[in-house]
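Quick notes on the structure that follows.
The values are calculated or read from the model by the stated rules, or taken from the named source; none is laboratory data. Given the structure is predicted, the values throughout are model-derived calculations rather than measurements. Glycine gets a Cβ as well: all are built from the backbone with ideal geometry, and neighbour counts include every protein chain shown. Note: areas computed on protein heavy atoms with side chains; ligands, DNA, RNA excluded. Shrake-Rupley method; radii C 1.70, N 1.55, O 1.52, S 1.80 Å.
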Amino acid sequence: MEWNAGPIYSALVIALIILVYSREYGGIRTVQNQMFRMTLMTTIVSMISLLISVALNAEMTKYPLFLVELFNVISRISMTVIAPLFFYYTISIIWMNRDVLFKWIRFTGWLYLLFALMIASSPFSGVIYTISGDRDVSKGPLYNLMYAMPAFYIALIIIVLFYTRHKLSRHLNLVILSFPVLSLGFVAIEYFYPHLLISSTAATASLVITYLYIQNKKILEDDLTGTMNRLAFSKVVSMRLEDESPFKIILVSLDEFKSINNQYGEQTGDRLLQAVSRYLMNLQPGAHVFRLSGDEFALLTTVADQPCLIRTISDRLSRNWDVEGMKLSISATIAELNIPEVTNTLEDTIHALEYCVREEKSLHSNSMITINREALDRMHRKNKIYEHLKQQLYRRELDVFYQPIHHVQSNGYPVFEALARLAVPELGPIAPPEFIAIAEDKGLINQLGEVLLEQVCRTIKKLENSGIEFRHININFSPIQMMNDTIVSELERVIRTEGVDPSRIHLEITESVVIDNFDKVSRIMNDFNRHGIQFSLDDYGTGYSNLSTIIHLPFAGIKIDKSLLYRASESQSTFVIIQALSRSFQQIHKHIVIEGVETEAHMKLARVIGCDYVQGYYFAKPMTADDLIIFLQNASIA
Ligand code: C2E
Ligand code: MG
Ligand code: MG
């Protein structure tokens with residue numbers, strides 16, 4: 001037969017080009033990369049050996065028989081092993097785990113091994129092919145296994161891909177699927193036109209596709225800085241976790257990088273990021289550097305390295321950076337995490353780094369932390385609370401307690417404060433400041449406010465239906481809710497849907513909201529006022545608001561924080577100031593509520609200070625809506 005080796009030559013050149021390009025892989029020896037290179041090398045070997053064996057077979061009598069037999073065996077084995085290798089490469093992409101890969105190899109590899117032995121024994125047994133006395137290659141009785149064996153592994157690829165299709169993106173599934181599809185197509189052609197020798201072209205074409213879409217170094221590289229990117233970080237960390245040898249991750253999160261961009265322009269910002277990443281890349285030979293997000297870098301190193309690496313980084317970062325002739329200064333929050341001492345999964349590792357750096361940044365910038373188990377426990381607790389709260393809000397169920405507020409003059413309880421409650425399985429009741437902070441942090445606070453308002457509206461209707469006389473229910477409003485531009489219309493919609501008079505709702509906000517956002521807060525308060533919703537200033541005395549700011553905002557009442565009451569009971573000067581403040585507020589028609597009245601002595605003090613309302617355990621603790629009705633009915637009889 002006249003063989004046409006042309007397709008092999010072109011496929012070989014392409015495969016060699018990929019081999020050269022895939023060499024510089026930044027040292028990431030993931031299972032996936034190793035399997036890819038093994039498949040690629042085997043394809044190259046198969047093509048070279050096929051070329052040699054075609055040449056030898058053409059003029060067989062010229063060469064010693066053992067040489068002809070040897071290359072026939074090598075080319076047949078290397079050609080048919082590509083499909084199993086592609087299958088194992090697929091496994092390594094799906095599971096990214098060496099142990100899983102070895103399990104699959106043990107489970108399915110023996111079949112190919114058996115077949116390879118058949119090929120290797122063919123010079124003696126002739127089961128796959130035979131070379132006759134007059135030196136002619138002919139098919140053996142099991143020759144069709146040359147097609148059946150790769151077909152079996154190709155079928156395995158399709159089956160495994162089908163069952164794990166949700167593990168990978170659609171795009172990745174399609175890229176992997178290119179091998180079975182191309183192979184089946186090309187092998188079918190070769191089956192009918194055996195002289196064409198194009199089956200290795202199928203493997204090369206698939207390798208080109210996989211290289212471009214999966215293995216390309218650029219996919220793992222950050223364009224701006226040339227460091228590795230977030231995807232590479234996940235891959236390298238997974239691989240190191242599998243190795244089970246200890247290592248350390250240092251996360252460098254630049255503080256307030258936005259202000260550099262705003263002040264000097266984005267181009268200068270980019271140069272600075274490049275300078276910082278160059279510094280990190282040159283810091284330690286062998287360490288990997290990644291850019292995880294705009295202004296966040298990670299350094300992966302072995303634990304045995306210098307223990308005070310984070311101090312070295314912090315010292316360098318706080319010195320000036322020469323960028324485009326300017327001297328720029330930055331600071332960073334730096335966290336170090338020892339693995340597997342603290343975390344041992346990829347998910348935990350990434351979450352721990354992000355959570356701890358965010359937590360640290362909210363307290364102070366330019367600092368260093370070592371992430372420990374306690375921090376991790378805090379993170380898990382926070383996640384549990386978040387998940388539970390999210391579910392509760394999804395079901396629009398939130399426990400709300402009500403604390404009656406005592407009106408001094410009438411001796412009654414015309415106002416109640418609504419207080420959210422949350423109990424999480426395993427953790428028990430969670431204090432509101434803790435879960436409110438989580439709701440704020442995780443973007444649930446607006447939803448929480450809405451669900452709470454629905455519950456409060458229902459309680460208002462219940463109280464009205466029970467014939468109880470009251471003025472309004474106070475709802476606590478978080479600063480984030482107050483900054484939401486559409487808050488007025490959103491709440492107005494809920495109140496209208498529930499069919500409640502808006503003047504029954506009263507909002508409490510704290511000084512912290514007022515301090516930085518006077519104009520916006522003033523606009524929103526006036527908007528609410530127009531709808532009949534009034535405001536109180538909560539926890540007065542715990543913030544640092546300017547008195548004139550408060551006076552110029554339309555507050556109907558001021559709630560004096562319990563800490564001031566407790567201090568007034570011990571300090572004459574605090575007492576005098578609070579008394580003067582209360583009187584002044586009352587003179588400008590703002591009612592005064594004193595919070596935290598727990599004892600008879602507190603109550604006496606509250607009277608002398610002078611106030612309109614008192615709130616505290618002395619009168620009533622927060623209670624359910626049903627208990628509130630009973631409490632109010634009893635209070636009206638007494
Ligand atoms: P707050 O608005 O100042 O609410 C009053 C807090 O003081 C309540 O704590 C109440 O149970 C407690 N309290 C009442 N009387 C006394 C007393 O005599 N002595 C002492 N020591 N405490 C008393 P709670 O329910 O734990 O709420 C704490 C804070 O959490 C609230 O302070 C408020 O800032 C926030 N919060 C509660 N519910 C919500 C909510 O639905 N939304 C928002 N945004 N914040 C809420
Ligand atoms: Mg309050
Ligand atoms: Mg308060």
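Compute the long axis of helix 600-609 from its Cα atoms, compare it with the longest principal axis of the Cα atoms of the chain, and write down the angle in degrees, 0 to 90, nearest 10.
So the inclination is approximately 70 degrees.
In Å², what does the accessible area per residue of the stretch 221-371 work out to with a 1.4 Å probe?
Using a 1.4 Å probe on heavy atoms only, each residue of the stretch 221-371 averages 46 Å².
Only residues of the stretch 579-608 count here: report those whose backbone N is under 13 Å from the spot 7 Å along Cα→Cβ of residue 569, or say none.
595-607
Measure nothing fancy, just the Cα-based angle from helix 266-283's long axis to the longest principal axis of the chain, in degrees from 0 to 90, nearest 10.
Tilt relative to the chain: about 60 degrees.
Considering only protein heavy atoms and a 1.4 Å probe, what is the carbon-and-sulfur percentage of the accessible area of the stretch 1-95?
70
Counting heavy atoms of the protein chains only and a 1.4 Å probe, report the per residue accessible area for the stretch 101-203 as a whole number of Å².
With the other protein chains kept in place, the stretch 101-203 gives 57 Å² per residue.
Counting only protein heavy atoms and a 1.4 Å probe, tell me what percentage of the stretch 463-521's accessible area is made up of carbon and sulfur.
Carbon and sulfur: 47 percent of the exposed surface of the stretch 463-521.
With r as the distance between the Cβ atoms of residue 162 and residue 59 and R0 = 45 Å, compute the FRET efficiency 1/(1 + (r/R0)^6) and round to 0.05.
Using R0 = 45 Å, I get an efficiency of 0.45.
Under 5 Å between amide H atoms, partner at least 5 residues away or on a different chain: which partners does residue 129 have, H built in plane at 1.01 Å?
140
Cut-off under 18 Å on the C-alpha distance; same-chain residues fewer than 8 positions from residue 604 excluded. Which aspartates and glutamates are left, in chain and number order?
561, 570, 595, 612
With each label point set 7 Å from Cα along the Cα-Cβ vector, what nm distance links residue 626 and residue 19?
So the two model labels end up 7.9 nm from each other.
What list of whole percents do you get for P(r) of the stretch 221-371, with Cα-Cα distances grouped in 5 Å bins up to the one holding the largest distance?
Percent of Cα pairs in each bin: 2, 9, 20, 23, 22, 14, 6, 3, 1, 0.
Ignoring ligands, DNA and RNA, please state the percent of accessible area on the stretch 221-371 from carbon and sulfur, probe 1.4 Å.
46
So which of 520/590; 462/562; 248/361 end up more than 26 Å apart, counting from Cα to Cα?
Table pairs above 26 Å Cα-Cα are 462/562.
Which value, in Å to one decimal place, does the Kirkwood hydrodynamic radius take for the chain when every pair of different Cα atoms is included?
Mean inverse Cα-Cα distance, inverted, gives 31.0 Å.
How far is helix 6-23 tilted off the main Cα axis of the chain, in degrees rounded to 10, range 0 to 90?
The angle comes out at about 40 degrees.
Count the lysine pairs in the stretch 73-231 whose Cα atoms lie under 30 Å apart, taking only pairs 8 or more positions apart in sequence or on different chains.
Lysine pairs meeting both conditions in the stretch 73-231 amount to 4.
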